[in-house]
1. Got a sec to turn the phi values of region 187-203 into Karplus ³J(HN,Hα) couplings, 6.51 cos²θ - 1.76 cosθ + 1.60 with θ = phi - 60°, whole Hz, x for Gly and Pro?
2. In the chain, which Cys residues have no partner Cys with a Cβ closer than 4.7 Å?
3. Convert each backbone phi in region 145-160 into a coupling constant with the Karplus relation 6.51 cos²θ - 1.76 cosθ + 1.60 (shift: θ = phi - 60°), then list the ³J(HN,Hα) values in order as whole Hz, x for Gly and Pro.
4. Counting each DSSP H run of 4 or more residues in the chain as -39500 (n - 2.57), what helix-only mean residue ellipticity at 222 nm follows after dividing by all residues, to the nearest 500 deg cm²/dmol?
5. Restricting to lysine pairs 8 or more places apart or on different chains, what number in the chain have Cα atoms under 21 Å apart?
6. What are the residues whose amide H is under 5 Å from the amide H of GLN81, where those residues sit 5 or more places off or on another chain and H is modelled from the backbone?
7. Residues with beta-carbon under 12 Å from that of ARG210, excluding ARG210: net charge, scoring Lys, Arg +1 and Asp, Glu -1?
8. Set the Förster distance to 41 Å, then compute FRET efficiency between LYS42 and GLU169 from the Cβ-Cβ distance, nearest 0.05.
Amino acid sequence: MTMTSQPTWSPVALSNVIDPSTSTGALVDGAELVVWRDSSGKAHVWEDRCPHRGMRMSFGFVRGDHLACLYHGWQYDTAGQCRHIPAHPQLEVPQTIRMQTFAAAERNGIIWAGATADADPTLLPAEIAGLVPVRSLYADCTAAKALKGLAATPLPISADAPTVEAITENYISLTAGPIRLLVAIQALGKEKIALHLMANEGAPVAALARYAQALRLTLETAPAEAA
Ligand code: FES
């Protein structure tokens with residue numbers, strides 16, 4: 001499984017929602033992924049499927065720098081190589097038993113999954129310091145419609161459309177007065193997205209969270225051509 005129809009990097013979660021030594025599932029354009037942090041806190045993104053019998057690895061558990069499958073306990077290291085099979089503890093595990101891995105990166109408080117294992121980190125959004133998480137939310141619309149709506153909708157405290165500082169097919173950086181808002185868009189499937197919002201420290205986070213909720217309603221009800 002590859003994510004070649006997707007941009008080089010796709011956001012999969014706000015960084016602050018995944019603790020060290022935990023794992024969770026994520027969807028990118030229909031592809032099921034496991035996002036997990038080892039005990040040092042480093043993030044990893046793999047296909048959410050154990051090579052043994054196909055169990056979801058997001059149901060598994062982290063042991064140091066290994067992710068263990070819930071079903072038969074096979075353990076995989078941070079490179080995705082199987083290192084331990086409990087039923088055969090003495091076995092030197094063949095190199096061929098490995099996970100499909102994707103590049104993982106953290107930028108601007110968001111965990112990003114590469115479309116391939118060697119995705120180019122220079123294609124991540126520009127780094128912005130001093131950001132805090134606002135929230136993530138789901139919406140039933142396309143990324144293009146959401147970007148258009150974000151660019152046209154005034155941020156709290158302002159009556160005018162915000163200034164668009166940067167925009168790609170799944171990311172937008174907006175400013176209005178003292179507010180800077182970043183929104184990374186995760187394409188989940190057909191007309192289903194997750195929006196991950198970060199803002200500058202000192203921004204009215206609660207007001208921005210309400211703004212996002214109101215925007216979601218607009219995006220889901222407005223006809224495509226009017227969004
Ligand atoms: S399905 Fe994962 S260890 Fe058997």
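Each value in this text was obtained by applying a stated rule to the coordinates, not by laboratory testing. Predicted model, so just to flag it, every value in this text is computed and none were measured. Cβ sites come from the backbone with ideal geometry, for glycine too, and all protein chains shown count toward neighbours.
1. For region 187-203, the Karplus-derived couplings read 7, 8, x, 5, 6, 9, 9, 10, 10, 10, 10, 10, 9, 5, 4, x, 6 Hz, x marking Gly and Pro.
2. So far as the 4.7 Å Cβ criterion goes, CYS82, CYS141 stand without a partner in the chain.
3. Running phi through 6.51 cos²θ - 1.76 cosθ + 1.60 with θ = phi - 60° gives 5, 5, 4, 4, x, 5, 5, 9, 9, x, 7, x, 6, 10, 9, 9 Hz.
4. Estimated from H runs of four or more residues: -4000 deg cm²/dmol.
5. 4
6. For GLN81, the qualifying residues are MET99.
7. Numbers: positive: ARG135, ARG216; negative: none.
That sum, taken over residues with Cβ under 12 Å, equals +2.
8. It comes out at approximately 0.90.
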